[in-house]
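Asker: Sending over a structure as C-alpha cells; questions will come in a sec.
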Amino acid sequence: MNTLSLTDPQTVLTAEQKRRFDSDGFLIVEDALPPDLVGRLLDVVDRLYEEGQRSDGLTATHKWDLRNCIVHDDAFLELLTWPKTFPLVADILGWNIKLLTSHLIVRAPSPPDADEFWKGEGWHRDGGGSARDMTEPHPRLFIKVAYFLTDLSEKGRGAIRFVPGSNRLTGWPAQGEGMPDPYGAVEIQCKPGTAVLFEQRTWHAVGPNLSDITRKALFFGYGFRWIQPMDYVQMPERLIQNADPIQRQMLGHITHNLGFYLPKEEDIPLRSWLEARKAALGEQAAHSSNGSSHGMM
C-alpha cells in the first residue's frame, strides 16, 4: 500500500507545472512508476488481456479494453492515490474529487493497411455526452492520469496524441485539408512507467501502432464528487473496506445521502490532508530558511 507524504516536494504541483498544465492541457511525469511496480502491473494486465482476448477478441482497431478495471485486481488499487501523481491532481482540482473511471486499454499492432491517417481513436474530448451538452467554453471537470506500461519511446507505437492548448479552445481544433492531424498536434513518446495527466477539454487521439509492440496503459480519471462516475455505480464493499480514508473518498464512499453535494468532514478526508501538507511544508520551509540564515553568520 502506498503512503501519501506530507513533506515530499515531489507531491506538490510546482508553479511551472501548473503553468504548463493550464497552457497545454497536459503534463508529463517521467518515472512516475518504479520498474518493479510496472512489472507487477504488466503481469496483471497480461493475465486480464489473455482472458479478454479469449472471450471478447479485439475490436476492428485491434483494441481490447476493460472499464472499471480497479475492481479486477488489488494491484490497481495502489494507483488510486499514487504519491507521484495523485497529489498533482488534487493540487489542480482541489479536495472535492473522486474517481470517475479506471480504464485498462491494450492496443495490439494496427492492421497492415494502416497509414498516417489511420486512427486507433479519432480526435475527441473526453466526457461523452457532456462535451456535446455543455455550452462552450467548457469548464475543467476532470483529469485523467495515463500510466504507460510499455515502451513508447519511438514514433508510431500507438501513443496518445494531443493538441497543446486545445483545452482553452472553443470548438474543434483547426486542421489543414488532406492533413492527418490538427495543426500543432504532438505524439507523446515515453518510456515505461511514465504518467501523463490531461484534462477532459484537451483534444486527443491515438495514431497507428506500426510496431510489433502491444501497447498497454491504464487510465485513472478524477473529477468533482458531484459528477456521476463513468463506469461504475457503486464500488464493491470489499474494495472500500481495504482502502484507507482518502482512497475511500476516491471510491465514492459517503456517510449520508447529501454527502456528494453537502459533505461532512468524514466524507472528504483529502481536505484535511491537503491542509496538513500545506502546514508541514510551510514549517519545513521555515526551518530551512532559518538554517540558511544561521549558516551565513
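Asker: Please determine whether any residue of the range 20-27 is among the basic types (Lys, Arg), part of a helix (DSSP H, G or I) and closer than 26 Å to Arg125 by Cα.
Answerer: Yes, the range 20-27 contains at least one residue that is among the basic types (Lys, Arg), part of a helix (DSSP H, G or I) and closer than 26 Å to Arg125 by Cα.
Asker: Also, quick follow-up: For the range 67-87, give me each residue that is in contact with a strand residue (DSSP E or B) (Cβ under 7 Å, 6 or more places away or on another chain), surrounded by fewer than 21 Cβ atoms within 10 Å (Cβ to Cβ) and over 19 Å from Thr194 (Cβ atoms).
Answerer: Arg67, Asn68, His72
Asker: Moving on to the next point. Exactly one of these conditions fails for Arg54: (1) assigned to a helix (DSSP H, G or I); (2) in contact (Cβ under 8 Å) with a residue 12 or more places away in the chain. Give me its number.
Answerer: The number of the failed condition is (2).
Asker: Then there's this: For the condition in contact (Cβ under 8 Å) with a residue 12 or more places away in the chain and under 12 Å from the mean Cα position of the chain (by Cα), what is the one hit in Leu93, Leu80?
Answerer: Details: Leu93 fails: under 12 Å from the mean Cα position of the chain (by Cα).
When all the criteria are applied, what remains is Leu80.
Asker: Can you pull out every residue in the range 86-133 that is over 26 Å from Trp172 (Cα atoms) and among the β-branched types (Val, Ile, Thr)?
Answerer: Within the range 86-133, Ile97, Val106 meet the criteria.
Asker: Same structure, new question: From the set of residues in the range 233-289 that are among the β-branched types (Val, Ile, Thr) and part of a loop (DSSP other than H, G, I, E, B), which is surrounded by the fewest Cβ atoms within 10 Å (Cβ to Cβ)? Write out each step before concluding.
Answerer: We begin by selecting, within the range 233-289, every residue among the β-branched types (Val, Ile, Thr); these are 233, 240, 246, 254-255, 268.
Within this subset, residues satisfying the condition of being part of a loop (DSSP other than H, G, I, E, B) are 233, 254-255, 268.
Values: Val233: 8, Ile254: 18, Thr255: 12, Ile268: 21.
Residue satisfying both the conditions and the ranking: Val233.
Asker: Can I ask one more? Please go through the range 58-87 and give me each residue that is charged (D, E, K, R) and outside any strand (DSSP E or B), ordered by number. Break it down stepwise before answering.
Answerer: So the first thing to find is which residues in the range 58-87 are charged (D, E, K, R), and the list is 63, 65, 67, 73-74, 78, 84.
Across the range 58-87, the qualifying residues are Asp73, Asp74, Glu78, Lys84.
Asker: At least 1 residues that are modelled with pLDDT of 95 or more and surrounded by fewer than 13 Cβ atoms within 10 Å (Cβ to Cβ) in each: list the strands (runs of 3 or more DSSP E) lying fully within the range 88-182 that qualify. I'd like the intermediate steps shown before the answer.
Answerer: On the way: elements: 97-107, 121-124, 142-148, 160-162.
Passing ranges, in order: 121-124.
Asker: Go through (1) loosely packed, with under 13 Cβ neighbours inside 10 Å; (2) in a loop (DSSP other than H, G, I, E, B) one by one and return the number of the condition Leu6 breaks.
Answerer: Every condition holds for Leu6 apart from (1).
Asker: Filter the range 126-140 down to the residues that are among the aliphatic types (A, V, I, L, M) and either in contact with an Asp or Glu (Cβ under 8 Å, 6 or more places away or on another chain) or in contact (Cβ under 8 Å) with a residue 24 or more places away in the chain (or both) and list them by number.
Answerer: Filtering the range 126-140 for residues among the aliphatic types (A, V, I, L, M) gives 131, 134.
The answer is Ala131, and nothing else.
The values are calculated or read from the model by the stated rules, or taken from the named source; none is laboratory data. Everything quoted here is computed from the prediction, not taken from an experiment. Neighbour counts are summed over all protein chains in view; Cβ atoms, including those assigned to glycine, are modelled from backbone coordinates with ideal geometry.
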